[in-house]
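The values are calculated or read from the model by the stated rules, or taken from the named source; none is laboratory data. Please read all numbers here as calculations on a predicted model, not as lab measurements. Glycine gets a Cβ as well: all are built from the backbone with ideal geometry, and neighbour counts include every protein chain shown. Side chains are part of the model used for accessible areas, which takes the heavy atoms of the whole protein and leaves out ligands, DNA and RNA. Shrake-Rupley method; radii C 1.70, N 1.55, O 1.52, S 1.80 Å.
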Amino acid sequence: MSNRMWGGRFSSGPDAVMEEINASIGFDKKLYAQDIRGSKAHAAMLAAQGIIAADDAEKIAAGLDTILSEIESGTFEFKRSLEDIHMNVESRLAELIGPAAGRLHTARSRNDQVAVDIKLWVRDTLDHIDGQIADLMTALAERAAEHAGTVMPGFTHLQSAQPVTFGHHMLAYVEMLARDRGRMRDARARLNECPLGAAALAGTSFPIDRHRTAAALGFDRPTANSLDSVADRDFALEALSAASIAAMHLSRLAEEIVIWTSAQFRFVKLSDKFTTGSSIMPQKRNPDAAELVRAKTGRIVGSLNALTMIMKGLPLTYSKDMQEDKEQIFDGLESLSLALAAMTGMIRDLQPDPAVLKAAAGSGYATATDLADWLVRRLGIPFREAHHVTGRIVALASSREVGLDQVTLAEMQAIHAGITDEVYSVLTVERSVVSRTSFGGTAPDNVAREAAGWLARLRGDGAR
């Protein structure tokens with residue numbers, strides 16, 4: 001390889017090892033559309049400002065359109081010797097239009113060029129992820145509406161705690177994802193400043209119009225400080241941070257699907273679309289899609305950690321270390337996108353088993369809190385005393401290996417004389433969930449109303 005792109009400063013090519021460590025075209029070719037979009041906006045601005053001739057700008061735009069078509073059709077030859085996407089595009093442009101191609105890089109550096117490319121890519125990807133989160137929220141809210149009254153056990157410490165409804169459980173994840181969507185939108189809003197025109201680090205002496213290029217590329221404004229413009233990767237860190245939290249939420253749901261589909265739980269079933277078999281055990285149906293979503297979380301958080309470590313010791317402004325940002329950004333956000341698609345498919349595919357869920361909801365003395373609440377309401381005793389009385393009744397039921405509703409009235413009255421047969425009205429799981437009418441509670445009417453509200457907002461593409 002020669003250093004022909006660099007002009008007269010270098011007289012020989014780099015060592016093979018240098019070429020190996022320095023080249024980024026293997027991964028940054030993913031930025032081709034953003035690179036061409038930024039170059040077209042830059043050329044148009046240069047012509048509007050009289051910095052290059054209008055004829056040259058037209059040739060540049062036409063040549064860039066040809067390159068875009070070549071890349072998208074698969075006929076473009078990416079050359080490792082040209083290091084990166086920027087040089088590959090510029091070299092091909094020179095082949096297509098001749099000397100006019102050399103005017104494109106006027107008042108621009110690869111430093112601000114790559115900064116605008118990666119911002120555009122992150123912004124495009126966040127927009128796509130926003131739609132994916134909305135799709136998953138819709139799938140969850142639809143299942144919530146279908147199962148607003150389907151009773152299931154609610155857990156703490158993975159032990160039966162109190163009955164809830166399957167719909168209420170689905171809506172919990174809708175709330176988490178709504179926060180994830182908000183974080184993604186906040187990150188997008190903060191990144192929407194254009195670094196193009198900051199040049200290498202100090203700006204340029206050419207009379208450029210940065211507001212024009214910012215507007216042409218859909219940014220709100222140009223970045224205000226040329227040093228920060230090329231040194232900043234906060235926007236990527238923030239996007240990966242939001243992605244990591246979202247992935248953690250997906251992982252929690254994936255873990256529940258893994259548990260729920262097990263032979264020991266049998267709460268839900270997944271079809272063959274999202275399960276695989278065993279190479280040796282013909283009876284197995286493994287929830288591999290859920291397990292892989294769970295595993296993607298480590299990969300996404302790893303991307304955040306890696307980029308943080310890349311950036312943590314860099315003096316202003318640009319250092320070659322920052323070339324390592326792209327693989328982390330690409331892998332982290334694309335992994336989240338894939339996990340969202342897989343989870344949306346699973347939520348639409350899974351089939352809850354109401355009978356199994358109801359039976360499980362009644363196990364583990366899940367209506368004990370309802371008994372304690374009844375003692376407070378009907379007998380007027382302090383909750384701590386009611387808690388103690390209920391604990392003794394639970395202990396009695398446990399010793400006899402029966403449910404609370406099978407403890408006789410006489411046995412209960414032996415523990416507290418004020419108990420009447422009305423107590424049995426609160427000891428079923430159905431009555432338990434119906435009674436939870438407080439705002440945000442699991443009462444089926446609450447769940448149905450909340451699910452309908454979410455679906456109306458999501459189908460209207462509104463945020464909460």
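Can you name every residue in the stretch 370-416 that is open to solvent by less than 50 Å² (accessible area, probe 1.4 Å) and not aliphatic (A, V, I, L, M)?
Hits for the stretch 370-416 are Asp370, Asp373, Trp374, Thr390, Gly391, Gly403, His416.
For the stretch 374-392, name all the residues that are within 46 Å of the chain's Cα centre (by Cα) and either within 19 Å of Thr428 (Cα to Cα) or of a type in the set (Val, Ile, Thr) (or both).
Trp374, Leu375, Val376, Arg377, Ala386, His387, Thr390, Gly391
Starting from the stretch 353-380, take each residue that is without any contact (Cβ under 8 Å) to a residue 40 or more places away in the chain and list its partners that are of a type in the set (Phe, Trp, Tyr), counting only C-beta distances under 7 angstrom and pairs at least six apart or across chains.
That search, which allows pairs on different chains as well, returns Ala372/Phe383; Val376/Phe383.
Give the residues of the stretch 239-260 that are open to solvent by 40 Å² or more (accessible area, probe 1.4 Å) and more than 30 Å from Asn192 (Cβ to Cβ), sorted by residue number. So that I can check it myself, show each step before the final result.
Initial filter on the stretch 239-260 (open to solvent by 40 Å² or more (accessible area, probe 1.4 Å)): 241, 245, 248, 252, 255-256.
Result: Arg252, Glu255, Glu256.
Does the stretch 380-429 hold any residues that are of a type outside the set (A, V, I, L, M), outside any helix (DSSP H, G or I) and either under 20 Å from Ser363 (Cα atoms) or in contact with a Ser or Thr (Cβ under 6 Å, 6 or more places away or on another chain) (or both), and which are they? Before the answer, list the steps.
Just the residues of the stretch 380-429 that are of a type outside the set (A, V, I, L, M), to begin with: 380, 382-385, 387-388, 390-392, 398-401, 403, 405-406, 408, 411, 413, 416, 418, 420-422, 424-425, 428.
Remaining after also requiring outside any helix (DSSP H, G or I): 380, 382, 401, 403, 408, 416, 418, 420, 428.
Hits for the stretch 380-429 are Glu401, Gly403, Thr408, Thr428.
Of the residues Ala161, Ala107, Ala172, Ala148, which single one is free of Cβ contacts under 8 Å to residues at least 24 places away in the same chain, aliphatic (A, V, I, L, M) and open to solvent by less than 50 Å² (accessible area, probe 1.4 Å)? Write out each step before concluding.
Working: Ala161 fails: free of Cβ contacts under 8 Å to residues at least 24 places away in the same chain; Ala107 fails: free of Cβ contacts under 8 Å to residues at least 24 places away in the same chain; Ala148 fails: free of Cβ contacts under 8 Å to residues at least 24 places away in the same chain.
The unique qualifying residue is Ala172.
Could you give me the residue pairs with C-beta distances under 6 Å whose first residue belongs to the stretch 296-318 and is under 17 Å from Ala243 (Cβ atoms) and in contact (Cβ under 8 Å) with a residue 12 or more places away in the chain, whose second residue is part of a helix (DSSP H, G or I) and of a type in the set (Asp, Glu) wherever it lies, and which are 6+ apart or on separate chains?
Ser303/Asp331; Leu307/Asp325; Ile310/Asp321; Ile310/Glu324
Which residues, counting only those in the stretch 436-458, are in contact with a helix residue (DSSP H, G or I) (Cβ under 7 Å, 6 or more places away or on another chain) and open to solvent by 50 Å² or more (accessible area, probe 1.4 Å)? Full working, then the answer.
Narrowing the stretch 436-458 to residues in contact with a helix residue (DSSP H, G or I) (Cβ under 7 Å, 6 or more places away or on another chain): 437, 442-444, 447-448, 450-452, 454-455, 458.
Matches in the stretch 436-458: Thr437, Glu450, Ala452.
Being outside any helix (DSSP H, G or I) and either among the basic types (Lys, Arg) or out of contact with any helix residue (DSSP H, G or I) (no Cβ under 8 Å at 6 or more places or on another chain) (or both) is the filter here; which residues of the stretch 248-267 pass it? Give the steps one after another, and end with the answer.
Filtering the stretch 248-267 for residues outside any helix (DSSP H, G or I) gives 261-267.
Ser262, Ala263, Gln264, Arg266, listed by residue number.
Just to be sure before I move on: is Ala224 in contact with a Lys or Arg (Cβ under 6 Å, 6 or more places away or on another chain) and at pLDDT 95 or above in the structure I sent?
Judged against the criteria, Ala224 is not a match.
Going residue by residue through the stretch 25-48, is there one that turns out to be touching a residue at least 60 places away in the same chain (Cβ under 8 Å), farther than 20 Å from Leu217 by Cα and among the small types (Gly, Ala, Ser)?
no
For Ala198, are the conditions met, namely being part of a helix (DSSP H, G or I), open to solvent by less than 10 Å² (accessible area, probe 1.4 Å), touching a Leu at 6+ places or on another chain (Cβ under 9 Å) and among the hydrophobic types (A, V, I, L, M, F, W, C)?
Values: part of a helix (DSSP H, G or I): no; open to solvent by less than 10 Å² (accessible area, probe 1.4 Å): yes; touching a Leu at 6+ places or on another chain (Cβ under 9 Å): yes; among the hydrophobic types (A, V, I, L, M, F, W, C): yes.
Spelling it out, it is not the case that Ala198 is part of a helix (DSSP H, G or I), open to solvent by less than 10 Å² (accessible area, probe 1.4 Å), touching a Leu at 6+ places or on another chain (Cβ under 9 Å) and among the hydrophobic types (A, V, I, L, M, F, W, C).
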